[in-house]
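To start, the structure under review is shown below, and the notes come after it.
Just so it is clear, none of the values below were taken in a lab; they were calculated from the coordinates. Since the model is a prediction, treat every value here as computed from it, not as a measurement. All Cβ positions, glycine included, derive from the backbone under ideal geometry; neighbour counts span all protein chains shown.
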Amino acid sequence: ILILPLFYNSFTDSFYLSLYLFIISSSISFSSAVLFSPYLLSKGALKIALPLALLAAVSNIAGNIILIPLYGIVGCALASIIFGFLYALTLTIYINLKYKVDLKKILFNNLVISIAIILALWCYRYFT
């Protein structure tokens, strides 16, 4: 968030779109990294957790290489949201299949928090 003003001289629609996409992708990736990966590590599934994290990182870099020339900073946000979502989805499916853990509440709470943050930013933008 701190580097976004470097790309924009003023707070334009592109700035807010980038900020919204960044928040969504961060909340998705953060929940995956903080909740799902340590769970796999505690179960001794390092052979799954590490390759998935490396694949997500490499995929995100490749997505940035493709999308930044096309869409600028918004392309970076799009790549992050796409590959963060795929990483979270992959971990969720694996944990559900392997360990039969119900993660619906965690994912629902993550969605609610993302929507609340975006709504708060929109209200701030609209009323200021």
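Which net charge results for the neighbourhood of L41, defined as the other residues with beta-carbon distances under 14 angstrom from its beta-carbon, given Lys and Arg at +1 and Asp and Glu at -1? Write out the running numbers ahead of the final one.
Working: positive: K43, K47, K98; negative: none.
That works out to +3.
Can you give the alpha-carbon Rg of segment 36-90 over 2.2 N^0.38 Å, where N counts its residues? Could the numbers behind the result be given before it?
Values: Rg = 13.1 Å, N = 55, 2.2 N^0.38 = 10.1 Å.
Segment 36-90 yields a ratio of 1.30.
Per-residue counts of other Cβ atoms within 10 Å, averaged by peptide: what ranking do you get for 80-93, 108-121, highest first? Could the numbers behind the result be given before it?
Values: 80-93: 19.1, 108-121: 13.4.
The densest-packed peptide leads the list: 80-93, 108-121.
At what distance in nm do the modelled label points of L119 and L107 sit from each other, each positioned 7 Å from its Cα along Cα→Cβ?
Computed distance between label sites L119 and L107 equals 2.2 nm.
Mind checking the full-extension length gain between L54 and L89? Use 0.36 nm per residue of separation minus the Cα-Cα distance, one decimal, nm.
Values: separation 35, 0.36 × 35 = 12.60 nm, distance 1.51 nm.
Difference between extended and current length: 11.1 nm.
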